[in-house]
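Contents: one structure, followed by commentary.
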Amino acid sequence: MSIADRGTEAMMTNYPPRPLTIVRGDGCWLWDDAGTRYLDLVAGIAVVTLGHGHPAPIAALAAQSAVLDHVSNLYWTEPAIALAERLNSLSGLEQAFFCNSGAEANEAAIKLARRHGTETGGAAKHELVCLEGAFHGRTLGALQATWAKPKKIPFEPLPAGFRHVPRNDIAALRAAVGPQTAGVLIEPIQGEGGVHVIDEAFLIEARSLCDQHDALLLFDEVQTGIGRCGAWFAFQRTTVRPDAVVLAKGLASGMPIGALLSKRLATGFRPGDHGTTFGGSPPIAAAALATIEVVERDDLIGNAARVGEHLSVALAGIDGVAVVRGAGLLLAVELVDGDAAGAATALRERGVIVNAVSDTAIRLCPPLVITMEQAELAIEAFRAVLAARG
Ligand SMILES: Cc1ncc(COP(=O)(O)O)c(C=O)c1O
């Protein structure tokens, strides 16, 4: 039986059929079980920051595991504290909570906003204002904060107290935020929603409304954080500063981690409010610290900005591309004749892995170590695929 057949038999059917069985990775390259090599422009959905198999997080994880593996949050351990200090200093925030995924980190952010809301305004101050097109995860709270209705309907009832406004619609935002608002939750660049950059003017208004109504401004940087968009955090490309930031995906370059960073809040979590057994485990924290070191040492933020700009300009010039959206190495290539799924298949057949983020757009979120030469291979493949479609 093939690996694919065994997977079909043994695993639940919650993911669509998978076109490849991947057996090995190295940097920006992946190999399937037939030995075919692919240029990986997906990076495990914006996760493998340093490329596949980078020695730094692996060595840090192994070394820390040999010294101390896991004791839970009943005790202090140094790696999580060092990671919190590093992230606080990079983000300008002051306190960290660690968990294991983006959805979990958003659950923590929602609870933090509600804890703050009920402390400052009583039970009525519990609403979260989110954006149309948002994606925040699949757990019930994060799913309710997410926009796409079809993902939600089979699992209703979901938690009450969430409103959605169209992205970049300042009037709608003003109408939605009020004394009942505990938090406004925004991806500064919407990832799963199709790579849409939120206007700075909209973020400035969100900041001002949160200040006016004593609500928390929460930025979901699960997909955009840790250098991907040409800054440590996408919000740093703007003048707006949030009260809290949600991280996951690329933070430990392939190891599972989530984080919530916030200002020091008198109205924040109290002991017993929130927790998770694995959060901040020493080996994962060590892998995240090693990831951050390499991003800094090798100027991967500069690389993301430079290669991202080159990809963006070159792809926008290809016949058949309507527009390229995004920043750094989080890009969407909107196709004139749509059929992003068909184009993704054709690119894969030419040895380039991308994913269709909507019916009409292809997302690129490669490892931040991608070189200009590898970007050229990708551009050439797009040119060939779109030319073949006429
Ligand atoms: C912006 C954003 N938030 C949250 C999530 C959920 O993260 P996870 O899949 O780790 O739960 C994602 C995943 O794509 C995301 O892009």
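Taken together, the values in this text are just the output of simple stated rules run on the coordinates, not laboratory data. In this text, all values refer to a predicted model and were calculated from it rather than measured experimentally. For neighbour counting, all protein chains shown are included, and Cβ atoms are generated from backbone atoms with ideal geometry for every residue, glycine included.
Under 9 Å from the Cβ of residue 128, count the other residues' Cβ atoms, weight Lys and Arg +1, Asp and Glu -1, and hand me the total. Don't jump to the answer; show the numbers that get you there.
Numbers: positive: 114, 163; negative: 127.
Local charge sum for residue 128: +1.
Annotation: extensible slack from residue 2 through residue 75 equals 21.8 nm (criterion: 0.36 nm per residue apart, minus Cα-Cα distance).
Normalised size of segment 340-390, defined as Cα radius of gyration per 2.2 N^0.38 Å with N residues, equals 1.10. Summarising the label geometry, the points placed 7 Å from Cα in the beta-carbon direction at residue 376 and residue 20 lie 2.2 nm from one another.
With a cut-off of 15 Å between beta carbons, the residues surrounding residue 214 carry a summed charge of +1, where Lys and Arg count +1 and Asp and Glu -1.
Quick one: grab the alpha carbon gyration tensor of segment 77-154, order the square roots of its eigenvalues as a ≥ b ≥ c, and give me rounded if a/c is under 1.5, else prolate or oblate depending on whether a/b is larger than b/c. Could the numbers behind the result be given before it?
On the way: a/c = 2.42, a/b = 1.46, b/c = 1.66.
Because a/c hits 1.5 or more and a/b fails to exceed b/c, segment 77-154 counts as oblate.
Amide H contacts under 5 Å for residue 216: 183, 184, restricted to partners 5 or more places along the chain or on a different chain, H placed in the peptide plane at 1.01 Å from N. Which log10 I(q)/I(0) values, to two decimals, does segment 1-160 give at q = 0.08, 0.15 Å⁻¹ under the Debye formula with one point per Cα? The computed values of log10 I(q)/I(0) come out as -0.40, -1.22.
If N is the number of residues in the chain, what value comes out of its Cα radius of gyration divided by 2.2 N^0.38 Å? Present the calculation step by step, with values, prior to reporting the outcome.
Numbers: Rg = 20.8 Å, N = 390, 2.2 N^0.38 = 21.2 Å.
Here the Cα radius of gyration is 0.98 times the empirical estimate.
So what's the net charge close to residue 246: Lys and Arg +1, Asp and Glu -1, counting the other residues with Cβ under 13 Å from its Cβ? Walk me through the numbers on the way to the answer.
Values: positive: 111, 249; negative: 104, 107, 187, 220, 221, 243.
Residues close to residue 246 contribute a combined charge of -4.
Between helix 372-388 and the chain there is an angle of about 70 degrees, using the helix long axis and the longest principal axis of the Cα atoms.
Judged by the ratio a/c of the largest to the smallest principal axis of the C-alpha gyration tensor, segment 96-255 counts as rounded, that ratio being less than 1.5.
Using 0.36 nm per residue of separation minus the Cα-Cα distance, give me the extension gain between residue 163 and residue 175 in nm, one decimal.
On the way: separation 12, 0.36 × 12 = 4.32 nm, distance 1.08 nm.
Length gained, residue 163 through residue 175: 3.2 nm.
Each residue in 75, 38 was given a count of other beta-carbon atoms within 10 angstrom of its own, and listing them fewest first yields 75, 38. Karplus couplings for segment 44-53 from phi (6.51 cos²θ - 1.76 cosθ + 1.60, θ = phi - 60°), rounded to Hz, Gly and Pro as x? Once rounded to whole Hz, the list reads x, 6, 6, 10, 7, 3, 8, x, 5, x.
Note down the relative contact order for the chain as a percent, whole number, built from C-alpha pairs under 8 angstrom at least six residues apart. Write down the numbers at each step before the final one.
On the way: 826 pairs, mean separation 87.4, N = 390.
With pairs under 8 Å counted, the relative contact order is 22 percent.
Per residue, the chain reaches -12000 deg cm²/dmol at 222 nm when only DSSP H runs of four or more residues are counted, each adding -39500 (n - 2.57). Relative to the dominant Cα principal axis of the chain, helix 282-297 is inclined by about 60°.
If you plug the beta carbon distance of residue 204 and residue 296 into 1/(1 + (r/R0)^6) with R0 = 35 Å, you get a FRET efficiency near 0.75. If you sort the three axes of the alpha carbon gyration tensor as a ≥ b ≥ c, you get a/c of 1.5 or more for segment 1-83 and a/b above b/c, which makes it prolate.
For the chain, the number of Lys pairs separated by eight or more positions or lying on different chains, with C-alpha atoms closer than 30 Å, is 14.
Here the gap between residue 322 and residue 36, fully extended at 0.36 nm per residue and compared with their Cα-Cα distance, gives a gain of 99.9 nm.
Shown in residue order for segment 203-212 are the 3J(HN,Hα) couplings computed by the Karplus curve 6.51 cos²θ - 1.76 cosθ + 1.60 at θ = phi - 60°: 5, 4, 5, 4, 4, 5, 5, 5, 4, 4 Hz (x for Gly and Pro).
Pairwise Cα distances in segment 283-390 exceed 25 Å for 24 percent of all pairs.
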